[in-house]
Amino acid sequence: MKLVVGLGNPGEKYARVRHNLGFMVLDQLASGWEENKKIKSLIFKKDQLIFAKPQTYMNNSGLAVKLLTTYYKLQPTNLIIIHDDLDLMLGKIKVRMGGAAAGHHGVESIISALGTDQFTRVRLGIGNQKSHSGEHHRVHFEAEKFVLEPFEPSELPQVKHMIKQAVDMIMSEKLL
């Protein structure tokens with residue numbers, strides 16, 4: 001059994017912001033979500049897969065993920081986390097097992113709650129010239145504000161394509 005968790009913030013206010021890319025991918029993979037207050041998540045089960053959208057807000061994702069892995073008796077190695085990544089340019093996708101959180105507070109929370117970094121991450125790029133130029137040219141850039149903004153209309157075709165690629169990747173035999 002595998003647990004696939006998309007990271008985001010609950011509520012309509014955040015539904016279309018960059019930080020909710022994990023939720024957006026899961027919404028393409030599943031429908032008919034059921035709320036489970038005990039594990040603080042929206043859940044959808046399909047065959048040997050459990051899809052979950054934590055309802056704890058991004059920076060406290062570890063609480064829900066710990067509850068999920070305990071409830072379903074799963075090891076972190078059976079966990080796939082899907083999240084936005086400011087360090088990757090928009091449209092880029094990287095998959096890796098383990099490693100540091102690289103400043104992503106949701107991933108930091110999960111590593112802290114599980115006591116390990118040994119889970120798979122599907123990192124979805126949300127960066128653009130604005131976000132990357134600040135890092136290299138000492139231009140003032142507020143990452144916290146940027147990730148809570150909706151995608152620009154010109155970015156939406158790339159976002160849609162990236163979500164489709166992520167869905168295909170997640171459902172492929174090699175990732176599961």
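Here, each number is a calculation from the coordinates, and none is a lab measurement. Since this is a predicted model, take the numbers as computed values, not measurements. Neighbour counts are summed over all protein chains in view; Cβ atoms, including those assigned to glycine, are modelled from backbone coordinates with ideal geometry.
Go ahead and run the numbers for FRET between ASP168 and MET97, Cβ-Cβ distance against an R0 of 22 Å, rounding to 0.05. Could you put the intermediate results ahead of the total?
Working: r = 19 Å, r/R0 = 0.88.
The computed FRET efficiency comes out at 0.70.
Can you tell me what share of the DSSP beta bridges in the chain is antiparallel? A percent to the nearest 5 is fine. All intermediate terms of the calculation are to be shown ahead of the outcome.
Values: 15 of 30 bridges.
The antiparallel proportion sits near 50 percent.
Quick one: helix 105-114 against the long Cα principal axis of the chain, what's the angle to the nearest 10°, folded into 0 to 90?
For 105-114 against the chain, the angle is about 30 degrees.
Counting other beta carbons within 10 Å of each residue's own, what order do VAL147, VAL167 fall into, fewest first? Don't skip to the answer; put the middle values down first.
Numbers: VAL147 20, VAL167 16.
Sorted ascending by nearby Cβ count, the order is VAL167, VAL147.
Filter LYS2/LYS73; LYS37/LYS164; LYS2/LYS45 down to the pairs with a C-alpha to C-alpha distance above 19 Å, please.
Details: LYS2/LYS73 11 Å; LYS37/LYS164 29 Å; LYS2/LYS45 10 Å.
Flagged as over cut-off: LYS37/LYS164.
If I model a spin label at MET89 and LEU148 as a point 7 Å from the Cα along the Cα→Cβ vector, what separation in nanometres do I get?
It is 2.9 nm.
Along Cα→Cβ, 7 Å out, is where each label goes; now give me the distance between the ones at TYR71 and LYS38 in nm to one decimal.
With each label point 7 Å from Cα toward Cβ, the separation is 0.8 nm.
Net charge near LEU63, counting Lys/Arg +1 and Asp/Glu -1 over other residues with Cβ under 14 Å of its Cβ? Kindly include the intermediate steps, with their values, before the conclusion.
Details: positive: LYS37, LYS38, LYS40, LYS53, LYS66; negative: GLU108.
Residues close to LEU63 contribute a combined charge of +4.
Take ILE81, ILE43, ILE110 and order them by how many other Cβ atoms sit within 10 Å, fewest up front.
Values: ILE81 22, ILE43 19, ILE110 30.
Result, fewest neighbours first: ILE43, ILE81, ILE110.
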